[in-house]
Amino acid sequence: MSADRSPGLDFLRADIPIYTLTFARQTPPQELLARMGADPDSVALRDETSLHDEYGDTLLDADEPVVTTGVDGAWTWAWEQGGMHGLDERILSAVSQGTEAVVLHYNEKPMYWFKYAVGGDIHVDFHTLGPLAPTGPVPAQLEKAMQSVGLVPGRPVPLDSVLPLAENVFGLRVTPAGDGEERWSANLLPLPE
């Protein structure tokens with residue numbers, strides 16, 4: 001890792017208006033794209049230049065978002081720059097089959113949405129609008145970690161608590177691509193009604 005790349009999710013603390021990151025443990029990038037409903041004809045290795053040349057203004061399409069993948073440690077991630085497909089329960093269930101999955105969504109309200117799933121079942125689901133009201137069977141170890149960063153049911157959610165939870169409990173990180181580095185990417189098909 002070069003000196004200018006920091007581990008964790010630090011670069012997401014910058015002014016990025018909307019994103020959805022879907023993480024799957026020990027899942028190859030092409031498999032993650034397939035589980036998320038990528039158009040099979042669009043799956044390819046692309047660098048930043050070819051991604052922008054091919055998709056242009058549609059990079060931020062909410063209905064058929066473009067996703068770029070990467071692998072950091074045990075986790076593969078898919079970054080939707082304009083969409084929210086990863087939050088869909090059907091998508092998250094498919095992504096987490098036989099493994100674990102975490103979804104982080106941020107938008108300019110500002111708000112975070114966090115979901116954690118194992119083996120097709122959602123174990124934790126909460127967002128930062130209003131008092132914390134997680135749904136799902138929150139595992140005890142996750143509940144303890146949530147409280148340590150200020151995520152206490154019934155209390156207002158500190159906006160800066162979600163990324164530390166993802167970093168500290170799951171070891172999630174996203175390493176930006178280097179110049180000319182190719183990553184698997186695709187556009188996702190529209191969600192079924």
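The values are calculated or read from the model by the stated rules, or taken from the named source; none is laboratory data. What you see is a predicted model, and the numbers here were worked out from it, not measured in a lab. In case anyone asks, the SASA skips ligands and DNA or RNA and just uses the protein heavy atoms, side chains included. Shrake-Rupley method; radii C 1.70, N 1.55, O 1.52, S 1.80 Å.
Miscellaneous remarks
- The range 14-81, accessible surface, carbon-and-sulfur percent (1.4 angstrom probe): 50
- 10 Å binning of all Cα-Cα separations within the range 1-110, expressed as whole percents from 0 upward: 13, 46, 35, 5
- Computed with the Debye formula from one identical point scatterer per Cα of the chain, without solvent, the log10 of I(q)/I(0) at q = 0.10, 0.11, 0.14, 0.18 Å⁻¹ comes to -0.38, -0.46, -0.76, -1.28.
- Surface accessible to a 1.4 Å probe, per residue, for the residues of the range 35-193, Å²: 46
- Just the protein heavy atoms count here, and of the accessible area of the range 125-180 at 1.4 Å, carbon and sulfur take up 54 percent.
- Percent of Cα-Cα distances greater than 13 Å, calculated over the range 108-156: 57
- Counting all C-alpha pairs of the range 4-49, share separated by more than 14 Å (%): 67
- Distance cut-off 14 Å, percentage of C-alpha pairs in the range 47-94 lying past it: 57
- Relative contact order (percent, whole number), the chain, Cα cutoff 8 Å, 6+ residue spacing: 30
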